[in-house]
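The values are calculated or read from the model by the stated rules, or taken from the named source; none is laboratory data. The structure displayed is predicted, hence computed values, not measured ones. Positions of Cβ are backbone-derived with ideal geometry, glycine not excepted, and every protein chain shown enters the neighbour counts.
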């Protein structure tokens, strides 16, 4: 440790705190990522042999703590308890990231496989480790690629089982949540537009294309291409914005 | 002569030069010079051709060709200078005469001289690359006469003046003109062009510029064109009489430029006499003249075509949007047909059947017919009218002509599927009420539609005809069978319609009178006996009935009414008075239909077999209806109830349009799937283009609708977006 510079030392300490790894592993990962913390995390977690081995007995205990008395699943109450233990708000977006890691099928419930499998993957077998992992998971939202995956995952997760489309209210809630993390100034107008003009469920295509729209089209809509094969709902949104003078199209 | 030796036969040249007498050349030349003088003095008869020729020959032979040639040049030049003076001296009009005469003389002289000097021409001239005699003669003439300073300008001015005078109406000596211009041509095309043609064209241009300015101020379009045409033919005639034929195209383009090209826009747009008023008044001759004149200048025809196009579009737009004209659909269509006829005639009589004009006509019609989205409905109503009564008594060929003309309008429709829907409805009504003029005519129309749109368009229509025929057979079978023991009950005529071929109507069955109900059931049993596995539903909203009614004074009438109306009337067999509410309850006819039926039974003069209290037109819940004992009509058979096709009311129209839109969705989806199945991966714009072109024979799909259908197909997992390029779609097997 004394061989490293001050800044590097801080990073190593941070890294160890977050991942719970050894100093050696921390330095290795950070060196490999050229002393960028996030890159180091990626490297660390993608190397299976570095993954901390979890104790399956602990995992069982954990699962049983939260599982519903009548059904072999963790349901709403269990999740509330879990959040309590983790000291997170159930509405906190980090729970979405958790669900993503667990590949949860539907919101507000985890199957045994999902819960245990997910925690194993993350190398968590105690609540403390779980809590420690939370800030890392939060940081994953900053990664473009991961954010997109989480965003697209959210559609399937938030919709009703057996439905093809996502109910409008739920969609709006999700969008508010997600775009708080990755700021899109037009999100409120979008939600308003939907309530006023559309008032129906959202299709998967519209959901995923919206992110593309938010990422690629600028706020003056100057690079919005009418021939761009956007879903018709987005075309209508653009019309709505121009009609109501919210955006002056074309010239800056 | 050399001695002849037996072995070598050789002719040897002179071993020494024969020296000629040095004066020989001079003497010989003098002879020839004298001859030339004599020739020019018209004294050639005394000369001996043979002697002169020999002299010239000898000179050349003895290598005095140069002297001879030079002498010729000088002598000739001298003479021509003299001639020039005499021409210059000529007064006024005699100038040209003198020139002409002297030219003729010169040519004759030149010919003789050339003949004499032919040997020189062929040998010396040739080898020393000098100008041959004839040409030489022309050049000397040109240089000394035509280009003489005193003659050149005077000649040109005189020529141009004569032409100008002829243009203003005077008669001039054309023969003389011809000779002069021919002379210029003979002197070489550059002489003709430089010394005459170029200035001629310039002067002509300014002449016609001035004249066209004057004419355009005082003439109307037709008159102006007549005058322009006349000037053009004048110039052509002038060329044929006394100018070089190559000048024709040059002078005509000057006239065309000055008189037509420069004033094209003004002529075409002239108030009250320009192209538009010619079109409106069918002025075939004027139009034809304009066409023939304008085709000579660049953009002439396209100018006419564009103005015709925009006028036609304006007129057409008015025809289809003027509310007055929209009141009667049959008139509406007749107006369109008349307009088409008018323009067809114009194009054939005045515009030489020009294809580009035909195309412009077609595109204009297509434009404005589709401006009014009721056009398909109205065209169907027009055909309906014709097939009901309009073509009664018309010969077969004329029928074909009318139908063919209608088909032309049909081709312009973009929403052919809307037409199909209405046509079906109207055809159904015609068939069921038996109101069609002739079966053959109906069929002929169907054949035309099939040729135009393919089998699918007409298969259902043909199904309707089949059903009618089959029903006749079915009825025969019914009455021959045991089920038809009725005695003096009602006689039933049933038409069995195959669902799917006929336009669907929502049908709410009503309560039939008992005796009717009985026989209907008998029929049902009979039919289902022979056709198992089928379901029959009575369409009480489409039937008719003939009822014998006896009124107060004993007058009997036969009433032809709809089924609903029959149900209502039969109720009055048992009671004299009924309220609206009671009638509704008893018959279970839907309220809107019931109200209409009651109105036609009680509120229409001459058809009021029922009496209503109060006498208002509207039907209210508590209105009471009485059998009208006092009903009279001069006809024994009274027809009540409208079964004829009418133009739809606003809500009906909305409904039909909605149904059409609904029908289009699966067609669009089918097209998308077909295209994607074969192409596998396509970008958005290409799909839209392909779908549009596949469906355009039926209707013009809306790109937004196509997009929605694509999204629907994505949701149903027929298609997916490409992961890398979001504008690409992929077919999912």
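Points to keep in mind about this one:
Results for (1) more than 14 Å from every other protein chain (Cβ to nearest Cβ); (2) over 39 Å from the mean Cα position of the chain (by Cα); (3) free of Cβ contacts under 8 Å to residues at least 40 places away in the same chain, shown as yes or no for each residue.
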residue	(1), (2), (3)
B:671	yes, no, yes
B:675	yes, no, yes
B:679	yes, no, no
B:683	no, no, no
B:705	no, no, no
B:712	no, yes, no
B:716	no, yes, yes
B:727	no, yes, no
B:733	yes, yes, yes
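- Meets criteria (in a helix (DSSP H, G or I), within 13 Å of chain B (Cβ to nearest Cβ) and more than 19 Å from the chain's Cα centre (by Cα)) for residue A:188: no
- One residue from A:209, A:248 being touching a residue at least 12 places away in the same chain (Cβ under 8 Å) and farther than 27 Å from residue A:163 by Cβ: A:248
- Boolean, residue B:279 is touching a residue at least 40 places away in the same chain (Cβ under 8 Å), under 13 Å from residue B:294 (Cβ atoms) and within 22 Å of the chain's Cα centre (by Cα): no
- Every condition in (1) surrounded by 15 or more Cβ atoms within 10 Å (Cβ to Cβ); (2) without any contact (Cβ under 8 Å) to a residue 24 or more places away in the chain; (3) within 13 Å of chain B (Cβ to nearest Cβ); (4) touching a helix residue (DSSP H, G or I) at 6+ places or on another chain (Cβ under 7 Å) holds for residue A:227 except the one numbered (1).
- Condition broken by residue A:194, with the remaining ones in (1) more than 12 Å from chain B (Cβ to nearest Cβ); (2) assigned to a loop (DSSP other than H, G, I, E, B); (3) in contact with a helix residue (DSSP H, G or I) (Cβ under 9 Å, 6 or more places away or on another chain) satisfied: (2)
- Every listed requirement among (1) away from chain B (no Cβ under 11 Å); (2) over 20 Å from the mean Cα position of the chain (by Cα); (3) surrounded by fewer than 18 Cβ atoms within 10 Å (Cβ to Cβ) is met by residue A:156 save one, (2).
- Residue B:597 vs. criteria free of Cβ contacts under 8 Å to residues at least 40 places away in the same chain and in contact with a strand residue (DSSP E or B) (Cβ under 8 Å, 6 or more places away or on another chain): no
- The stretch A:159-184: number of residues that are within 14 Å of chain B (Cβ to nearest Cβ), farther than 14 Å from residue A:107 by Cβ and buried (at least 17 other Cβ atoms within 10 Å of the Cβ): 1
- Which listed residue, of B:633, B:649, B:697, B:616, is more than 14 Å from every other protein chain (Cβ to nearest Cβ) and in contact with a strand residue (DSSP E or B) (Cβ under 8 Å, 6 or more places away or on another chain): B:633
- Candidates are the residues of the stretch A:197-221 that are assigned to a loop (DSSP other than H, G, I, E, B) and within 14 Å of chain B (Cβ to nearest Cβ); the one that is farthest from residue B:714 (Cα to Cα) is A:217.
- Those helices (runs of 4 or more DSSP H) lying entirely in the stretch B:117-212 with at least 1 residues within 30 Å of residue B:50 (Cβ to Cβ): B:118-122, B:124-127, B:133-141, B:174-186
Conditions tested, residue by residue: (1) at pLDDT 85 or above; (2) in contact with a helix residue (DSSP H, G or I) (Cβ under 7 Å, 6 or more places away or on another chain); (3) surrounded by 11 or more Cβ atoms within 10 Å (Cβ to Cβ); (4) closer than 18 Å to residue B:505 by Cβ.
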{"site": "B:589", "(1), (2), (3), (4)": "yes, yes, yes, yes"}
{"site": "B:608", "(1), (2), (3), (4)": "no, yes, yes, no"}
{"site": "B:616", "(1), (2), (3), (4)": "no, no, no, no"}
{"site": "B:619", "(1), (2), (3), (4)": "no, yes, yes, no"}
{"site": "B:637", "(1), (2), (3), (4)": "yes, no, no, no"}
{"site": "B:651", "(1), (2), (3), (4)": "no, no, no, yes"}
{"site": "B:654", "(1), (2), (3), (4)": "yes, no, yes, yes"}
{"site": "B:661", "(1), (2), (3), (4)": "yes, no, yes, no"}
{"site": "B:674", "(1), (2), (3), (4)": "yes, no, yes, no"}
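- Of residues in the stretch A:230-241 being touching a residue at least 24 places away in the same chain (Cβ under 8 Å) and either outside any helix (DSSP H, G or I) or within 13 Å of chain B (Cβ to nearest Cβ) (or both), the one nearest to residue B:689 (Cα to Cα): A:231
- Subset of the stretch B:492-514 that is at pLDDT 85 or above and out of contact with any helix residue (DSSP H, G or I) (no Cβ under 8 Å at 6 or more places or on another chain) - its residue that is farthest from residue B:422 (Cα to Cα): B:514
- Near pairs, Cβ below 6 angstrom, 6+ apart or cross-chain, from the stretch B:105-131 (in contact (Cβ under 8 Å) with a residue 12 or more places away in the chain) to any residue that is outside any helix (DSSP H, G or I) and surrounded by fewer than 19 Cβ atoms within 10 Å (Cβ to Cβ): B:121/B:132; B:125/B:132
- Residue among A:144, A:149 that is within 14 Å of chain B (Cβ to nearest Cβ), closer than 19 Å to residue A:208 by Cβ and surrounded by fewer than 17 Cβ atoms within 10 Å (Cβ to Cβ): A:149
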